[in-house]
1. Out of B:ALA12, B:ALA53, I need the residue that is at pLDDT 95 or above and among the small types (Gly, Ala, Ser). Which one?
2. Within the range C:113-132, track down each residue that is away from chain B (no Cβ under 14 Å) and open to solvent by 40 Å² or more (accessible area, probe 1.4 Å).
3. Restricting the search to the range B:47-81, which residues are at the interface with chain C (Cβ under 8 Å from one of its Cβ atoms), more than 26 Å from A:SER240 (Cβ to Cβ) and part of a loop (DSSP other than H, G, I, E, B)?
4. Do we find a residue being in a loop (DSSP other than H, G, I, E, B), among the hydroxyl-bearing types (Ser, Thr, Tyr), crowded, with 24+ Cβ neighbours inside 10 Å and more than 14 Å from chain C (Cβ to nearest Cβ) anywhere in the range A:182-191?
5. So which residues in the range A:1-10 are open to solvent by less than 80 Å² (accessible area, probe 1.4 Å) and under 19 Å from A:PRO67 (Cα atoms), if there are any at all?
6. Yes or no: the range A:76-88 includes at least one residue that is farther than 13 Å from A:LEU40 by Cβ, within 14 Å of another protein chain (Cβ to nearest Cβ), among the acidic types (Asp, Glu) and assigned to a loop (DSSP other than H, G, I, E, B).
7. Need pairs with beta-carbon distance below 7 Å; first residue free of Cβ contacts under 8 Å to residues at least 60 places away in the same chain and within 14 Å of chain B (Cβ to nearest Cβ) and within the range C:1-28, second of a type in the set (A, V, I, L, M) and open to solvent by 30 Å² or more (accessible area, probe 1.4 Å); sequence gap 6+ or separate chains.
8. Taking the condition of being without any contact (Cβ under 8 Å) to a residue 60 or more places away in the chain and at the interface with chain B (Cβ under 7 Å from one of its Cβ atoms), how many residues in the range C:29-38 meet it?
Amino acid sequence: MSNFVFSSYRDLRDALLSKSISVESVVSAYLSRIEAKAHLNAYLAVFKESALAHAKVLDEKLASGKPIGKLFGMPIAVKDNIAMKGEKLTCASKILENFTSIYSATVIERLLSEDAVILGKTNLDEFAMGSSNENSAFGAVKNPINESCVPGGSSGGSAAAVGGDLALVALGSDTGGSVRQPASFCNVVGLKPTYGRISRYGLVAFGSSFDQIGVLAKTAEDAALVLEVMAGEDPMDSTSSNKPVEDYARASLDPKQLRIGVPKEFFTDALDPEINAMIQTVLEKLKAQGATLAELSLPHSEYALATYYILATAEASSNLARYDGARYGYRAKEITDPTDMYVKSRSEGFGKEVKRRIMLGTYVLSAGYYDAYYRKAQKVRRLIRNDYLNAFEQVDVILSPTSPVPPFKFGEKMHDPLTMYLADIYTVPMNLAGVPAISVPIGLNAQGLPIGLQLIGNLFSESTLIGASKLVEATREHSF
Amino acid sequence: MAVSKADVDYIATLARLSFNDAEKEAMTHDLNEILNYVEKLNELNTENIEPLANMGDRTNVLREDKPVPSISNQDALKNAPDFQDRFFKVPKVIG
Amino acid sequence: MEYELVVGLEVHCQLNTKTKAFCGCSTEFGAPANTNVCPVCLAMPGALPVLNKQVLESAIKLGLTTHCTIAPYSIMARKNYFYPDLPKGYQISQYEEPICSEGYIEFDLDGEKKRVRLVRIHMEEDAGKSIHDIGEETYIDANRCGVPLLEIVSYPDIRSTKEASAYLQKLRAIVRWLGISDGNMEEGSLRCDANVSVRPKGSEKFGTRTEIKNMNSFKSVENAIQYEMERQIEVLKSGGTIVQETRLWDADKFETRPMRSKEAAHDYRYFPEPDLVPIEVSDELLSLIKAELPEMPEVRATRFVSQYQIPEYDAKVITTDRLLADYYEEAAKVCGDPKATSNWIMGEVLRTLKEKAIEISAFPIEAKRLGVLISLVKQGVINGNTAKEVVFVKMLDEPTSPQDIVKRDGLAQVSDTSAIEKEIAEVLSASPTQLADYRSGKTKLFGYFVGETMKRMKGKANPQIINDILKRKLESV
């Protein structure tokens, strides 16, 4: 603790409440590390002055004996596709390079009201489109565990920040695995809640019916605590759920009561054998503790990626229409009329992958193709969701790999979009189904690269998911 | 359903994007590769399946017709690439 | 060959809600540019829409009134296109599963009942305003972005320009009656596009149609359709074919001309709006809204005739406007004389509204004050002429009660018989010639004596008493 590295928020909070350290000293330790590890490129903006000023205010609050918030002094990083009033909101895109948000996301308001300290905004794949963070207009992020590897994406900056101790917790967004996959690559926990559990107001839309804000943290409990603060109905987001928010952080499970489903479609030749072996070890330990394992089938799994790339890109093509150079964002020079302004601003402002997805999404919605692609995919989406809802009649959680492969090298998958898309094969189905899922680190492979496993829960069963995650975390503690 | 360069041109027009020849070539290739992959959905008979559009279980999430304060004109124009007086400015609409 | 006109109308009706369709910004007209805006209607990254309850209720009210089926399940959709005054790059509208479908509107035309069927009514949002006529650039005001609209689409059931205009007038009357829109065409709260085609009379097949835009008055709707019909007939007669296209009405040049458009085809890529949840209209909600519906004009006119014993014509006139009908009922209730009230409305009130070119809502005399004025006449406090020519006129200019005006200006009617008798005696003695003429049979001169007496009494005498005394005097001598 002398170097101000904490293994969980509980450790930090205990230290703060015992007044052995101050929020200011914690925040300045994080800020120094951010500076020292600037080459990781995890942050796009660091709020040095405002974070320190906020820390001082919090120290005074504690000293004065006023009640303190649930996240008191928690140093948090925010993915730069979540709006904060008065701060840049770039989405790692040239088109928003100089854009300043005029309002704050609901989640930001809720974090601040519980006394969290926001350190800065983290790097990402442009508009959250990518699985390696190589699609950032402001440079790729390096994996803090092995700097020759990608941190995963799209929340690569957030994962690297938590994995590299440049933040205790970070917010990400997960449209097809963008929280969970980078979490597994950077050796941290990544939680994607049920669709609608957290307000999307202020999260820059990619695929509106898929997007959920998620949490990257060192422990499932920390992720759950932040979820608890952010979750709940928001009058600004019609799709936010009004289901009551539970004490997720305190959730625990008796392993003997836990029924774990193991989907055979997720354990095929496509899965890296070493990852498979590491997962089997965890499964055996859980079984030894009394958990019930059941092989099950999610028969439409092989159609998930195709379904996802039709629906999410269709929504994206529409969501990204507002970046037209008219009211904000990048506007090309030498323009003759509005159409010219749109075409040049968008072509110069968007990166390659974003343009590819806009094109694909526009195509599947265009006259004559809607039924063949879009409506067809919506129907398959229902089949996929039904697979999950049926499975959860028999099991409490489903356990799977998070990624079919360990963290890969820069440039390894950039040559071909489809190869890159296949990196999301185990994370995309949950966004199609809307169910919550979490990636929990289970150790390093022979090359010393982090591996995660994924737990998937039924709709709004975050408590069960957190309880199960704690059991998985415990198996790791036993083995190390 | 192979995508031609003419299709790419048409889609680019709709999406307000433009590509040079090399980019167009690559885009045509990529779209064909992806669309070829998604053809796999046609293996499934979805005749009696209701499309899934709404992910939540709520309906009628409505707002009362009560005004809330708007933002200032200054905030509205804060990020504008071009503006004058209280207005956003864009090149003249022709036709 | 004789041709028949076939027209279907698409009307956009701006709702008069306090706030926009998907955010809490005010819809107030005339605010400084870009001040009724927020992250939602400016399409700031990350902002999300939430539907205004009043918009849904207004749509259902119009649907019920026009005999539509109200969809038990309905969804919003995105209509994607780029335009500088459309911040999101898409308009939130409805496509599949609109809120109302398959209804009709009935109206009287030249003594006959005409029915125009409706395809659908759906909810959507307005775009902002582009100002092209200052300087070298286009100026954008987003105040109107997101203001709620209902789009009312008719079947091609209209067969003449007069029918088109009558249909629109009726639709306008309905939305005003429901209180969901001010229905003002000139100010753009009612906008109309027409699908126009012609076909040989007797033919069942529709001709190729053109879509006519930019008609901003009832007159221009008639003129534009008339022009377009003649143009199409001309083309066909000279062996040409009609091109399916969008044409703009130019009221100054009095012609329609094709709209120049860079975009080859309209490919709006509609899809369900993922940011908004479905709308379910339960039987319970439906009956709640039904209960809120005002009594419709036809029903109310019939009730006025039977309940208040006023002529059918008067009842119809009074019920052309709900606020006018409300005004009538309130004034009648205050004075207790519905017949006299109807006369006042048909006479003084409507004449004044016309002279001042104002609506009843802006009429300076509130219903209650008019009611009191009428009762003053009824009670004999003032006579009818004083009421109309003096008190009513003063009430238009000041908010004073009629009693106070009468008291202040000494306008109370004189019913004192001895005073009147005295004046009559003077009139008779001052008019020997007329008296002689009257006695020799020119009984028409009775009015002359009444007038002279009234003049001497500054118009304030009770005319009935003058009559009675005068009659007695003239007969007795």
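1. Among B:ALA12, B:ALA53, only B:ALA12 is at pLDDT 95 or above and among the small types (Gly, Ala, Ser).
2. C:LYS113, C:LYS114, C:ARG115, C:ARG117, C:VAL119, C:ARG120, listed by residue number.
3. B:SER72
4. No.
5. Across the range A:1-10, the qualifying residue is only A:TYR9.
6. Yes, because at least one residue in the range A:76-88 is farther than 13 Å from A:LEU40 by Cβ, within 14 Å of another protein chain (Cβ to nearest Cβ), among the acidic types (Asp, Glu) and assigned to a loop (DSSP other than H, G, I, E, B).
7. From the range C:1-28, the pairs are C:GLY24/B:VAL68.
8. Total meeting the criteria: 2.
The values are calculated or read from the model by the stated rules, or taken from the named source; none is laboratory data. Computed from a predicted structure; not experimentally measured. FYI the Cβ positions are ideal-geometry reconstructions off the backbone, even for glycines, and counts take in every protein chain you see. Quick note on the areas: whole protein, heavy atoms, side chains included, nothing else; ligands and nucleic acids left out. Shrake-Rupley method; radii C 1.70, N 1.55, O 1.52, S 1.80 Å.
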